[in-house]
Every structure is written in structure tokens, then in C-alpha cells.
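All remarks here apply to the structure that follows.
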Amino acid sequence: MQKHNVNLPIVITGRHLDITEAIRDYAHKKIEGLHLDYPRIIEAKVVLDVQHHRQIAEIILFCADHIVIEVKSTTEDIYASIDESISKIARRMRKFKTRLLKSHRPRKDGSIRHIEEKVIHAEAIHTEEEQVETSYVHNEKYKVRPLYTDEAIMDLELSDRPFVVFHNQASHKLAILFRRKDGDYGVIEPEDRQ
């Protein structure tokens, strides 16, 4: 159970609506009731709005590891909108945790990689002809997915890889996202030859 939500800063804002103490307490209790251990919530913002008899509840969670979860629900009742938004948030948080657990699961074939054994005869070592054969230490298939840069950052945070190769949806080019030594992110995109 997550203990980090005890004194969680929650900002509740109303648009076209006066926030009563009952609504404020209800939203506080619902957000503090999110007890998942990943991602850890740092701050929460709730925006309640009324537009032409529609009650809208928008919840934004700022979490650890640069994760921002944002949901919006529209119903006829403000309490129902808050409930629906909370259930959407809980589903998304479980999704993040499942992704994290999937990437850190032990492999089926074991953790030791086996290298093919070769026997080299003494005569072959002393021959003048050198035939150096290139070999791969590890060859793996990598699926290049179409992502935006922020989605690639989330993918990098959830995986144990040092980089993410993706098809950048903003520039429509192949890109590589990596973590720099100073903790920031870098993106490499090839230039078009002209």
C-alpha cells in the first residue's frame, strides 16, 4: 500500500462552479484513496467545470519518473464525474505498473546467455592467413513503433534499455532517444541528404 499519499498536495479549482466544502472533501478523499505503489504521486490537480448542464471533472496527477496522468469525465452529476475520473486514473496507474513489471520480468530461457563453443587447433593459430570473422555478442529483434517524443521518454523510463528507437510521429523520421550523462534526454534524427 502506498504511504506517500498521506499529505499529498491537492489543488481543486472550479470553472463556472463554486467549490463547496462537501465537493472539496469528496475529491480529497477519492484522490487520497488511490493506493497504488507505482507510479508514486507527487501532486494532484482537480478541475471541476459546468457547461450547459454537463458536469466535467478533470484530474491531473504529477507522478515520479516524469509521468503525468490526465483524465477527463463528463456526466450529469459532479460526484459521478469525479468517480468516473478516479476509476480511469486507477486503470492507467495499473497499466503503468503492469508495463514496469513486464519489462523487469526474468526471461524464460534463463539469465545466462550461452556462447557456442569452438575448438581451435594449434596449426590454425600459427598460419599467416588471418581470417577474422565478425561476431555479434547479442542479436535481438527490435520493433520500431510510431511514437511521439514524450511517449518515447515514458517507454525509456519503463524499460531497462539505454535507448529507444522509434518512428517520430511529429517529424515522420526514424529517431533514437537516449539518456544523457547529465540526466536529460537526447534525440538523434538523421538528416535528409540533398
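The values are calculated or read from the model by the stated rules, or taken from the named source; none is laboratory data. What you see is a predicted model, and the numbers here were worked out from it, not measured in a lab. Cβ placement follows ideal geometry from the backbone for every residue including glycine, while neighbour counts extend to all protein chains displayed.
Structure summary
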| item | result |
| --- | --- |
| Pair list, Cβ < 6 Å and 6+ apart or interchain, from segment 87-101 residues that are under 19 Å from His66 (Cβ atoms) to residues that are at pLDDT below 85 and assigned to a helix (DSSP H, G or I) | Arg99/Leu158; Leu100/Leu158 |
| Any hit, segment 155-162, residues being exposed (fewer than 15 other Cβ atoms within 10 Å of the Cβ), outside the structural domain of Met93 (by TED's automatic domain parsing) and over 23 Å from Arg92 (Cα atoms) | yes |
| Near pairs, Cβ below 8 angstrom, 6+ apart or cross-chain, from segment 1-30 (of a type outside the set (A, V, I, L, M, F, W, C)) to any residue that is modelled with pLDDT under 85 and assigned to a loop (DSSP other than H, G, I, E, B) | Gln2/Leu34; Gln2/His35; Gln2/Leu36; Gln2/Asp37; Gln2/Arg40; His4/Arg40; Asn5/Leu34; Asn5/His35 |
| Given (1) at pLDDT below 85; (2) at negative phi, number of the condition Gly183 does not satisfy | (2) |
| Number of positions in segment 132-153 that are modelled with pLDDT of 85 or more and aliphatic (A, V, I, L, M) | 4 |
| Residue count for segment 13-24, restricted to those that are under 22 Å from Glu43 (Cβ atoms), in a helix (DSSP H, G or I) and more than 30 Å from the chain's Cα centre (by Cα) | 2 |
| Qualifying residue in segment 6-16 (condition: modelled with pLDDT under 85 and among the aliphatic types (A, V, I, L, M)) | yes |
